[in-house]
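Values in this text are rule-based calculations from the coordinates and carry no lab data. If you're wondering where the values come from, they're calculated on a predicted model, not measured in any experiment. Ideal geometry is used to build each Cβ from the backbone, glycine not excepted, and the neighbour counts take in all protein chains shown.
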Amino acid sequence: MKKSVIGAAALALLVAAVLIWWLSQNGKDANAIVLHGNVDVRQVSLAFEGSGRVEALKVEEGDRIKAGDLLAVLDTQTLALEADQAVARVAADRQTVLRMQNGSRPEEIQQARDSLAAAQADAVRAAADLTRMKNVAAATDGRGVSGQEIDRAASIAKASKAQARQAQEALTLALKGPRAEDVAAAQAQLKGSEAAVALIRHRIAQGELRAPEDAVVRSRLLEVGDMASPQRPVYELALTSPKWIRVYVNEADLGRVKPGMDAQVMTDSAPDKPVPGKVGYISSVAEFTPKSVETEDLRTALVYEVRVLVDDKTGLLRLGQPVTVTLKLGAAQ
């Protein structure tokens, strides 16, 4: 009796195993490939481009942020004062350029003309005095005027003539205005001052840390009052858009996977809510099966990485979550 019971039990187990194998083979969809993987985790270590003391932190760990959101602020009071100084220098340089471009004022030109007239009058009088002394000396055989007085009068006449010539040149310069080279130099100095203002304002703008992409704050690494630098990240962000699934396909199925192929992504927690996606990337290089998907009998098998881009508008998928991906054959676009 015992042998018959054992034989019947063994036969029942064999039939059950065969039935399970047959159901598993016939339950496969010949028009689909089922793969297993995880929602890829992409992180960003976000730091200020400049150095300074942290003045404010706007978000906490776990917060969802949008691209462009303000996350943290540095103390930029010193830079603001430097910007005021630079703006004042720009104003002064701009007035210098305007003065050179406008040339001499009418009053300055008239003043130069008056100076020339006075110098010319002095030169005429000095020349007349010299002539008169020479005539007296000639009429008196040198007794009426000494040679020393004539020499002094000659020197005065020469100096007066030189002053008149200088006054003429000053009037000419006043009429011509500044040289083109001086105007160009003033304009270049103005541009340099404006660039200095722009640079300081850029450094002030770098005192605001903004989100580069839609993300979730994973870690806050600094606190208010800490000294920040490009080498010290403030936040670690997990990028949430776009999301993609990293799966691996074996060589036998590689020829059936095409870019643009439709995919359905399902999770164990919500198997009735598939998330649509498409194949976006297929690796051209084989690699050993990663430990996250390997089995004992496939430890040395070579597979190809495939990334499936998903349209997770409802936020159903979590970063790092294990998922099942079904690729619909013949649905490449």
### Query
Full extension from S51 to E251: what is 0.36 nm times the residue separation minus their Cα-Cα distance, to one decimal in nm?
66.9 nm
### Summary
Protection proxy (average C-beta count within 10 Å per residue), highest first, orders 69-77, 190-198 as 69-77, 190-198
### Message
Less than 16 Å from a label point 7 Å out along the Cα-to-Cβ axis of A238: which backbone N atoms in region 52-82 qualify, by residue?
### Response
60-66
### Task
Please report, to one decimal in angstroms, the Kirkwood hydrodynamic radius of region 81-202 built from all distinct Cα-Cα pairs.
18.4
### Task
Would you mind checking the pairs K66/K258; K273/K328; K58/K243; K243/K273 and listing those with alpha carbons more than 28 angstrom apart?
K66/K258
## Note on the structure
Taking 161-171, 84-94, 238-248 and ranking on average Cβ neighbours within 10 Å, highest first, one gets 238-248, 161-171, 84-94
### Query
Which value in Å is the Kirkwood Rh of region 219-283 over different Cα pairs?
15.9
### Message
Report D for region 147-281 in µm² per second (integer): Stokes-Einstein, Kirkwood Rh on Cα pairs, 20 °C, 1.002 mPa s.
### Response
86
#### Entry: Positive-end residue of V183, V197, A167, charge dipole of region 81-202 with Cβ unit charges
A167
### Query
Between Q110 and Q189, what FRET efficiency follows from the Cβ-Cβ distance if R0 is 25 Å, with the result rounded to 0.05?
0.25
